[in-house]
Amino acid sequence: MVVAEGVGVSLGGQRILESVDLRAGRGTVTGLVGPNGAGKTTLLRALQAGIEPDDGTIRVADERLQELSTQRAARLVASVPQETALSFDFSVKETIEMGRTPHLSRFDTPGQEDRVAVEEAMQQTQLTQFADRSIQTVSGGERQRVLLARALAQETPVLLLDEPTASLDISHAVETLELLRELVGDGKTAVAAIHDLDLAARFCDRLVLIAGGQVRAAGLPGEVLDRDTLRDAFGAEAIVTDDPVTGAPRVTTLPSRGETGERVHLIGRGEKTAKVVATLVTAGHEVTIGPVPDGDIAATTATGFDCETVTAPPFSTVDPALVDRATTLAAAADVAVRVGPEMNQSEAVLRATDRVVCVGELTESGESTHPAATVDNLSEVITENSSWSSVREPRSRLSGTTRVITFYLVA
């Protein structure tokens with residue numbers, strides 16, 4: 001339905017887009033993602049014939065957009081801008097009625113078909129109760145829905161949306177994107193610039209990642225939201241996991257990596273262990289982990305960071321070969337870290353190294369005879385040799401020359 005090939009745009013003598021390709025099929029939502037200033041809004045303006053590209057071609061419904069009249073283009077493409085100036089005191093209904101302009105000649109008055117289109121647009125966007133209110137008195141989120149309703153009243157096969165959820169609370173943001181899914185289910189085509197990567201992954205069929213005016217990646221959300229690609233485009237560390245509820249990719253941004261460089265073998269499971277993985281990796285450590293139950297959040301987090309992970313089927317006896325592999329990784333590490341209570345396999349693995357940090361829990365009274373630390377400064381504990389002593393964890397079965405220091409995890 002929408003095909004852009006080799007599109008280049010310059011504004012004010014500055015090159016904004018360079019050789020951009022995009023394809024959006026009928027009945028799909030294509031999400032434009034990328035850092036601020038990447039060129040997403042400029043691309044949307046080009047796709048609605050708001051600006052003419054210096055290079056390349058854009059076709060909508062097999063028609064070359066640059067060759068169409070303004071009215072014909074407006075019958076094919078409707079846009080929802082991120083913000084717009086409405087200086088006159090129109091009512092909400094009157095503002096939505098402006099969407100019917102491409103279907104009227106200069107001296108036409110709105111007919112029954114126009115009124116039906118406006119009423120349906122207000123119902124779809126839950127604005128019927130605001131019909132007579134001044135556009136100047138509605139909130140920013142309500143105004144955003146008015147702009148969406150105006151585009152729906154335009155009754156075009158293609159919708160372009162620039163940050164349609166930017167001014168909305170989470171409830172209305174989800175409702176808006178669910179409405180978008182319903183619209184494309186009826187055959188419309190949508191291209192939307194979306195700032196929230198999690199929402200983009202959840203509601204878009206395909207994503208186009210733009211950075212520096214160029215397409216860095218395009219494809220299914222799981223293909224585009226890759227850790228290396230996100231680092232290249234946003235300059236930030238991120239971990240990508242599957243959302244346990246929606247199944248869509250979920251992106252968690254993290255601090256930039258440090259350059260500490262210890263090799264750490266981790267034993268544990270659950271959310272705390274997952275947080276330790278993220279903390280240590282972003283501090284610059286090389287992390288391995290295991291054995292850990294397959295599908296556990298600690299395992300998926302470690303895999304997301306490309307850490308070597310020894311996984312075992314949950315609720316079953318761990319294969320001795322897997323314990324041997326974890327023991328080998330621990331022996332090669334500079335230090336082993338155990339999070340939470342001791343597991344059946346942990347003692348054998350921990351014996352393979354002579355430095356162990358046990359991240360435990362505070363007592364119910366909040367007191368402990370051992371040093372207290374948060375996960376965030378665990379990296380310092382590992383790298384500062386002065387922190388090491390022969391202090392042993394209570395009831396620890398570790399023996400021999402292994403040096404153990406226990407840090408209690410503080411929430």
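The values are calculated or read from the model by the stated rules, or taken from the named source; none is laboratory data. Since the structure is predicted, the reported quantities are computational estimates derived from the model, not experimental observations. Cβ sites come from the backbone with ideal geometry, for glycine too, and all protein chains shown count toward neighbours.
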Reported set for segment 1-16 where residues are farther than 23 Å from T156 by Cβ and either touching a helix residue (DSSP H, G or I) at 6+ places or on another chain (Cβ under 7 Å) or touching a residue at least 12 places away in the same chain (Cβ under 8 Å) (or both) is G6, G8, S10, L11, R15, I16
Taking the condition of being assigned to a loop (DSSP other than H, G, I, E, B) and at pLDDT 85 or above, how many residues in segment 229-246 meet it? 1
Checked G111, G140 against criteria (more than 33 Å from the chain's Cα centre (by Cα), over 22 Å from L183 (Cα atoms) and at pLDDT below 90); the one match is G111
Which fully enclosed helices (runs of 4 or more DSSP H) of segment 1-105 have 3 or more residues being in contact with a strand residue (DSSP E or B) (Cβ under 6 Å, 6 or more places away or on another chain)? 40-47
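Yes/no matrix, rows are residues, columns are (1) within 26 Å of T229 (Cβ to Cβ); (2) in a loop (DSSP other than H, G, I, E, B); (3) at pLDDT 85 or above:
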{"residue": "K272", "(1), (2), (3)": "no, no, no"}
{"residue": "V276", "(1), (2), (3)": "yes, no, no"}
{"residue": "L280", "(1), (2), (3)": "yes, no, no"}
{"residue": "A298", "(1), (2), (3)": "yes, no, yes"}
{"residue": "A302", "(1), (2), (3)": "yes, no, yes"}
{"residue": "V318", "(1), (2), (3)": "no, yes, no"}
{"residue": "T327", "(1), (2), (3)": "no, no, yes"}
{"residue": "R338", "(1), (2), (3)": "no, no, no"}
{"residue": "P341", "(1), (2), (3)": "no, yes, no"}
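Out of all the residues in segment 278-291, is one or more more than 30 Å from A38 (Cβ to Cβ), surrounded by fewer than 17 Cβ atoms within 10 Å (Cβ to Cβ) and in the same structural domain as V337 (by TED's automatic domain parsing)?
no
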Take segment 106-134 and flag every residue that is more than 23 Å from A73 (Cα to Cα), of a type in the set (A, V, I, L, M) and in a helix (DSSP H, G or I). M122
Scan D132, D186, D196 and give me the residue that is farther than 30 Å from R59 by Cβ and surrounded by fewer than 22 Cβ atoms within 10 Å (Cβ to Cβ). D132
Being in contact with an Asp or Glu (Cβ under 7 Å, 6 or more places away or on another chain) and modelled with pLDDT of 85 or more narrows T401, T311 down to just T311
On the basis of being crowded, with 17+ Cβ neighbours inside 10 Å, in contact with a helix residue (DSSP H, G or I) (Cβ under 8 Å, 6 or more places away or on another chain) and not β-branched (V, I, T), does G39 make the cut? no
For T288, all conditions in the list (1) part of a helix (DSSP H, G or I); (2) under 22 Å from D354 (Cβ atoms); (3) at pLDDT 85 or above hold save one; what is the number of the exception? (1)
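State yes or no: is S139 over 28 Å from V60 (Cα atoms), buried (at least 17 other Cβ atoms within 10 Å of the Cβ) and among the polar types (S, T, N, Q)?
In short, no.
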With respect to P249, is the statement that it is crowded, with 20+ Cβ neighbours inside 10 Å and either touching a residue at least 40 places away in the same chain (Cβ under 8 Å) or not assigned by TED's automatic domain parsing to the domain that holds V29 (or both) true? yes
Which residues, counting only those in segment 208-229, are touching a helix residue (DSSP H, G or I) at 6+ places or on another chain (Cβ under 8 Å), under 29 Å from E271 (Cα atoms) and hydrophobic (A, V, I, L, M, F, W, C)? L225
